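Coordinate-derived values only; no laboratory data. Quick caveat: nothing in here was measured; it's all calculated off a predicted structure. FYI the Cβ positions are ideal-geometry reconstructions off the backbone, even for glycines, and counts take in every protein chain you see.
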Amino acid sequence: MDTTPKDSTQSQDPLQPAPNEKTSWREALKAYTQPKAISLFFLGFSAGLPFMLVFASLSFWLREADISRSTIGFFSWVGLAFGFKWVWAPLIDRLPLPILSRLLGRRRAWLLLAQFAIALSLAGMAFSNPEQDLWHMALFAVLVAFSSATQDIVIDAYRIEIADERLQAVLAATYMIGYRIAMIVSGAGTLALAAWFAVGEGYEIMAWRQAYLVMAGLVAVGMITTLCIREPEVPARNSELEQKSMQWLDEHAWLPRPLCRIANWFYGAVFCPFIDFVVRYRWQALLILLLISTYRISDIVQGIMANPFYVDMGYTKEEIAFVTKVFGVIVTLLGATMSGTLIMRFGVMRILLAGAILTAATNLLFSWLAVTGHNLPGLIAVIIADNLSAGVATAAFVAYLSGLTSVQYSATQYALFSSVMLLFPKFIAGFSGVTVDAWGYETFFTGCALIGIPVIFLILLSMRYTEVKEPVFDKALNKKEA
């Protein structure tokens with residue numbers, strides 16, 4: 001494979017668009033009004049709702065319940081469920097659900113089941129008492145994370161299957177807008193509700209219980225969306241890789257028929273998605289996976305200790321809910337929308353690089369805030385900068401991963417990419433509480449900024465040596481269409 005950088009004038013890929021193929025500003029903004037983009041907004045809300053309830057909001061609850069920072073840090077390992085979702089993604093990619101799949105279609109059936117499980121698990125968390133039985137709380141948090149990861153698998157596959165690559169940047173942006181609004185609702189909204197339901201000062205478990213039950217009820221937004229959207233068309237599975245599987249079956253017809261069926265399904269559902277990716281990128285696949293596994297490490301590690309930091313700096317729940325979410329929501333929406341528009345104009349890689357630089361830089365602002373102490377205007381400025389960078393970086397990253405994915409294996413491949421994205425950062429984040437206890441917040445946030453620097457160099461290498469490759473089986477289809 002030629003590793004020479006691709007000439008920009010020959011690019012047909014939205015991730016590296018040619019200068020003479022840039023979308024106009026008007027067309028880029030008009031794309032947000034398409035029904036597909038609107039549906040991704042509500043699905044993004046459904047995906048983002050559980051996230052804060054097992055991370056930031058939960059860490060605030062645990063801290064108020066006088067749970068140690070070290071334990072809160074280890075609690076973040078609940079998120080490892082998102083890092084292993086590629087394990088069961090092949091089942092979701094291929095396996096229909098009894099009755100539900102016949103009524104709704106394969107994607108919507110899995111989506112509705114996952115949302116129902118999220119609602120039940122959040123109710124289980126609501127009726128848990130971290131002071132008396134922390135393991136009970138942890139169990140339901142894991143169930144929420146597992147169900148949420150399953151929902152993510154389906155939504156990501158749905159998003160990739162309903163639109164071509166040019167529209168993926170817009171779908172990624174509207175998805176992230178909905179996602180971030182849901183994070184605000186489940187973050188600031190949960191804190192505000194816990195404060196509103198409280199009848200006195202200090203920690204009250206009943207207030208947190210009622211707040212989490214309200215959040216469980218909001219899962220209905222995702223369920224209604226699932227019932228309203230259309231099932232995407234099932235992509236053809238006539239790849240060269242799977243044809244080899246059929247050939248193998250013909251050569252081994254003497255084997256028991258059930259064993260042949262299982263072997264054929266396992267090969268097509270589990271091995272083909274991974275082989276397809278490696279065949280397309282060869283040695284560059286390692287560079288891509290390394291970039292994916294580290295791109296969000298800076299903000300994921302920092303985010304685990306954000307709410308405990310606010311508590312320890314003396315900010316009230318009302319201040320945190322108002323400043324970090326009300327000001328933050330405006331800037332986040334601006335960042336995600338701006339990212340999608342800029343990607344349509346200039347391609348993913350440049351915006352991906354800008355997002356990485358901004359993410360690392362904003363962590364230094366948290367280090368400054370740790371030195372100044374309780375500083376409400378300073379908190380507002382830091383949150384605005386942090387949420388702007390998060391909106392730009394995350395929307396660009398989702399579009400980048402979508403461009404790497406083959407539509408024939410959308411659920412499994414995207415689950416692999418997003419799992420790789422979270423696995424290493426979540427593991428490192430588990431030690432965040434121990435680091436703060438040993439070195440303090442200032443050193444911790446500075447370290448979060450420094451670990452984002454290698455990501456910048458990985459993006460520069462990827463811009464030089466990699467490009468989005470056509471799936472091996474799509475080549476034959478394109479020739480046939482031609």
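Look at where the Cα atoms of region 403-417 and of region 131-203 average out, and the two centres are 22 Å apart. Near residue 37, once Lys and Arg are set to +1 and Asp and Glu to -1 for all other residues with Cβ below 11 Å from its Cβ, the sum equals +3. Pairs of Lys residues in region 22-481 that lie 8 or more places apart, or on two chains, and have C-alpha atoms under 17 angstrom apart add up to 5. Footprinting exposure proxy ranking of 233, 131, 201, fewest other C-beta atoms within 10 angstrom first, gives 201, 233, 131.
Equivalent-ellipsoid semi-axes for region 50-176 (Cα gyration tensor, √(5λ), whole Å, largest first): 31, 17, 12. Among 196, 368, the order by Cβ neighbours within 10 angstrom, fewest to most, reads 196, 368. Summed over all non-identical Cα pairs, the Kirkwood treatment of region 287-423 gives a radius of 15.9 Å.
Taking only the Cα atoms of region 27-101, the ratio Rg/Rh comes out at 1.15, with Rh defined as the Kirkwood radius. Principal semi-axes of the equivalent ellipsoid, √(5λ) from the alpha carbon gyration tensor of region 270-321, are 42, 11, 7 Å from largest down. Once the C-beta distance of residue 279 and residue 33 is scaled by a Förster radius of 25 Å, the resulting FRET efficiency is 0.05 to the nearest 0.05.
Over all other residues within a Cβ to Cβ distance under 12 Å of residue 91, the charged ones net out to +2, with Lys and Arg as +1 and Asp and Glu as -1. In region 22-481, inverting the average of 1/r over every pair of distinct C-alpha atoms gives 22.7 Å as the Kirkwood radius.
In terms of surrounding Cβ atoms within a 10 Å radius of their Cβ, 397, 309 rank from fewest to most as 309, 397.
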